[in-house]
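What follows is a single structure, written as structure tokens, with notes after it.
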Amino acid sequence: MVLDAFQKRRERQMLTLLLPALIPLAILTIYPALYAVYLSMTNEALTGVAAAKPRFVGAANYFRLFSDGRFWNSLFVTFVFVVGSAIIGQFVLGFISAVALRRKVYGSSVFGAAILLPNAAPEVVAGFMWISMLAGGDHATLSKIMIALGLPWVDWLNTFPLFMVTMVNTWRGIGTAMILLTAGLSAVPSEVYEAARMDGANPRQMFLRITLPLMAPTIFLYMLISTVSTISVFGMVYALTRGGPGNRTEVISVYIYNQSFTAFQLGYGAAGAVVALLVSLVLGITYVRSLKVNV
Amino acid sequence: MAGVPLKRSGAYTFLAYVTLIVISIFCLLPFVWMVLASLDSNAQLFLKWPDSITFDHYIKLFAEENGVRWFANSLFTVLSATIIVVIISGLGGYALSRSRAWWKQPFLYAILLIRVLPSTALLVPLYKILLTANNGMGSLLRPFVGDNYRSVMQVFGFIDGYLGLIVVLATGQLPLALWIMKVFFDGVPKDYEEAAILDGATLVQRIRRVLIPLALPGLAAAGLFTFMSAWGDFLLPLILLSSPELQTLPIGLFRAFLRVNEIDYGLLAAIATIYLIPAVIAFSFARRFLVQTFSGGVKG
């Protein structure tokens, strides 16, 4: 009985310690998420009649959203952007770098640092630096390199805008992928490789039959995380293309921003936001479940 | 590499070098342009060797363009947010690690899920909440400050004020920091605290004398990750700040770039370089924590 009272007091203390974290999270993340759902059912706006007297409009914003070609375009652009950079680009180049760095090469720490450097660059800096690489027609750095190699050049950001923002986002994430996959590679016990070698397996077989299957859980978690964080990329795309030319690089976060803060349609923008929230939540729940959080 | 013929092994090593060199050039080239352009007396949009080396762009940034102000604003808001996060997540992470109450598991799931919500999606409701809070703060302070109302609100306001940006930046980084601290305290044996309890130490004494010294490495990791992502954040200052006096580095860089008819690439490159340096320093320290935080955090 005495112990029970002690326990209770202890748990109360723990809750008190958690309170300073709980309050801002509740007010500034959970409440806004719920508020977004409410806003999406009103015609709230920053300017005009609706700004003074917002009305409840039910599902009207969602009907409009699902018949809006620009919204579907942004979903498609986001899909290409995420699959191209988080799932394919960063993963493949990160994996290749991790495997190459496992061999005994001179200057491996220099290579490692070089590949990691883009991870440190703030989103706006990344966008700005790549303008130099890609914008300006034959003046762009990439065009000059192509010309020097005797290859054709184009106006990169106008001809292949989506491919280019996907490539820039790939550039930003190779380092993280490399570090995490290096950790995964070192976790495969060397005895397994020894045994395979005794059985006469060649490097390719060892890679496909041992390395990949044993790393599958790491790879899966990595992809979930990078997918979720790529959906919320805003600054890099906004600084590099602002969603253009036309809407060709308008990822969902730029779409929401444009609807809410350029067109000032808060209610309508919130409907787009709710869709983005739901997609991220589904991915997040998958992530939490597969992590088998040991709490 | 016994078993693999020597010649093949050599070929693989060669391939590894080629791959690493190509990927490294891809990763470094934009930085090379930025640094060279920031020192070039005749900086251009494309990569070139400087006509002559000059520090004029940096001097112009700090002397004419309010660079000192932008840097100070960024540093002040981000460091304040980091300090708040370190304190709150240290306490909360300890509670999450030691508690056995029913709310522990739902709370841990909740912070992982909060972490995946895209910040653009929360922006509009967040803005409305801050607007309400700002009006409340305004009517609270107005009777006391009189003529200084505008400058006081630039500090304590929630919209276009330091306080609002700091609070929102801090909240955004809390989930990851809480998770880092929870995992960290899971690895700290309970013996020390129990010994302190037996000696009759109160909760506050235990925190000050026992837990803070033990938690320093964890707090460093949480602080570094908070600093890095708050430093790189562009969306929140873009929405929350409008006064030129409150401008931070990312917004200064972005707005300077929008002056289309008079783009000064040397100056832009200098701003970007100055903005990049603290991020690189923080990242080089944070690098060793990257793998441990992976399991719980979403890279930002």
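Looking at segment B:241-268 only, could you name the residues that are assigned to a helix (DSSP H, G or I) and at pLDDT 90 or above?
B:Leu249, B:Pro250, B:Ile251 - these are the residues of segment B:241-268 that are assigned to a helix (DSSP H, G or I) and at pLDDT 90 or above.
Looking at segment A:67-107 only, could you name the residues that are assigned to a helix (DSSP H, G or I), farther than 20 Å from A:Leu224 by Cα and more than 11 Å from every other protein chain (Cβ to nearest Cβ)?
A:Gly69, A:Arg70, A:Phe71, A:Trp72, A:Asn73, A:Ser74
Listed here are the residues, each with its yes/no results for (1) assigned by TED's automatic domain parsing to the domain that holds B:Leu178; (2) open to solvent by 10 Å² or more (accessible area, probe 1.4 Å); (3) of a type outside the set (A, V, I, L, M, F, W, C).
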{"site": "B:Leu15", "(1), (2), (3)": "no, yes, no"}
{"site": "B:Val18", "(1), (2), (3)": "no, yes, no"}
{"site": "B:Gln44", "(1), (2), (3)": "no, yes, yes"}
{"site": "B:Ile59", "(1), (2), (3)": "no, yes, no"}
{"site": "B:Ala81", "(1), (2), (3)": "yes, no, no"}
{"site": "B:Ile84", "(1), (2), (3)": "yes, yes, no"}
{"site": "B:Leu91", "(1), (2), (3)": "yes, yes, no"}
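So, in segment B:269-300, of the ones that are within 15 Å of the chain's Cα centre (by Cα) and part of a loop (DSSP other than H, G, I, E, B), which residue ends up modelled with the highest pLDDT?
B:Gly297
B:Thr120 versus (1) open to solvent by less than 10 Å² (accessible area, probe 1.4 Å); (2) under 24 Å from A:Leu34 (Cα atoms); (3) at pLDDT 90 or above; (4) among the β-branched types (Val, Ile, Thr): which is the lone unmet condition?
(3)
For a quick check of your reading of the model, give me the residue pairs whose first member lies in segment A:64-75 and is in contact (Cβ under 8 Å) with a residue 40 or more places away in the chain, whose second is open to solvent by 40 Å² or more (accessible area, probe 1.4 Å) and among the polar types (S, T, N, Q), with beta-carbon atoms closer than 8 Å and at least 6 apart or on different chains.
A:Arg70/A:Asn247; A:Asn73/A:Asn247; A:Ser74/A:Asn247
Pick from segment A:150-187 the residues that are aromatic (Phe, Trp, Tyr) and assigned to a helix (DSSP H, G or I): which of them is nearest to A:Ser97 (Cα to Cα)?
It comes out as A:Trp171.
Within segment A:228-260, take every residue that is in a helix (DSSP H, G or I), in contact (Cβ under 8 Å) with a residue 24 or more places away in the chain and among the aromatic types (Phe, Trp, Tyr) and give me the one that is farthest from A:Val77 (Cα to Cα).
It comes out as A:Tyr238.
What do you reckon, is B:Pro106 open to solvent by less than 40 Å² (accessible area, probe 1.4 Å), of a type outside the set (Gly, Ala, Ser) and either part of a loop (DSSP other than H, G, I, E, B) or free of Cβ contacts under 8 Å to residues at least 24 places away in the same chain (or both)?
When the stated conditions are applied, B:Pro106 does not pass them.
In segment A:44-52, is there at least one residue being at pLDDT below 85 and in contact with an Asp or Glu (Cβ under 7 Å, 6 or more places away or on another chain)?
Yes, that holds for at least one residue.
Residues checked against (1) on the phi < 0 side of the Ramachandran plot; (2) crowded, with 23+ Cβ neighbours inside 10 Å; (3) modelled with pLDDT of 90 or more; (4) not assigned by TED's automatic domain parsing to the domain that holds A:Ser132:
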| site | (1), (2), (3), (4) |
| --- | --- |
| A:Met215 | yes, no, no, no |
| A:Ile219 | yes, no, no, no |
| A:Val228 | yes, yes, no, no |
| A:Thr241 | yes, yes, no, no |
| A:Pro245 | yes, no, no, no |
| A:Tyr255 | yes, yes, yes, no |
| A:Gln259 | yes, yes, no, no |
| A:Ile285 | yes, no, no, yes |
| A:Val293 | yes, no, no, yes |
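So A:Gly175 passes all but one of these: (1) more than 10 Å from chain B (Cβ to nearest Cβ); (2) open to solvent by less than 20 Å² (accessible area, probe 1.4 Å); (3) not aliphatic (A, V, I, L, M). Which condition number does it fail?
(1)
Only one of A:Ala126, A:Ala114 is open to solvent by less than 50 Å² (accessible area, probe 1.4 Å), within 7 Å of another protein chain (Cβ to nearest Cβ) and among the small types (Gly, Ala, Ser). Can you tell me which?
When all the criteria are applied, what remains is A:Ala114.
Can you report the number of residues in segment B:163-201 which are open to solvent by 20 Å² or more (accessible area, probe 1.4 Å), assigned to a helix (DSSP H, G or I) and away from chain A (no Cβ under 13 Å)?
Looking only at that region, the number is 4.
Examine segment B:94-113 for a residue that is within 25 Å of A:Gly235 (Cα to Cα) and either at pLDDT 90 or above or polar (S, T, N, Q) (or both), and state whether such a residue exists.
no
Given the conditions (1) without any contact (Cβ under 8 Å) to a residue 12 or more places away in the chain; (2) surrounded by fewer than 21 Cβ atoms within 10 Å (Cβ to Cβ), which single one is not true for A:Gly137?
Just one mismatch for A:Gly137, condition (1).
Is it the case that segment B:129-144 has a residue that's closer than 14 Å to A:Leu28 by Cα, modelled with pLDDT of 85 or more and touching a Ser or Thr at 6+ places or on another chain (Cβ under 9 Å)?
Among the residues of segment B:129-144, not one is closer than 14 Å to A:Leu28 by Cα, modelled with pLDDT of 85 or more and touching a Ser or Thr at 6+ places or on another chain (Cβ under 9 Å), which makes the answer no.
Regarding A:Thr211, is this residue on the phi < 0 side of the Ramachandran plot, more than 9 Å from every other protein chain (Cβ to nearest Cβ) and not basic (Lys, Arg)?
It is true that A:Thr211 is on the phi < 0 side of the Ramachandran plot, more than 9 Å from every other protein chain (Cβ to nearest Cβ) and not basic (Lys, Arg).
The values are calculated or read from the model by the stated rules, or taken from the named source; none is laboratory data. Note that the coordinates shown come from a computational prediction; the quantities given were computed from them, not determined experimentally. With ideal geometry, Cβ positions are generated from the backbone for all residues, glycine too; neighbour counts draw on all protein chains shown. Note: accessible area is taken over every heavy atom of the protein model, side chains too, but ligands, DNA and RNA are not part of it. Shrake-Rupley method; radii C 1.70, N 1.55, O 1.52, S 1.80 Å.
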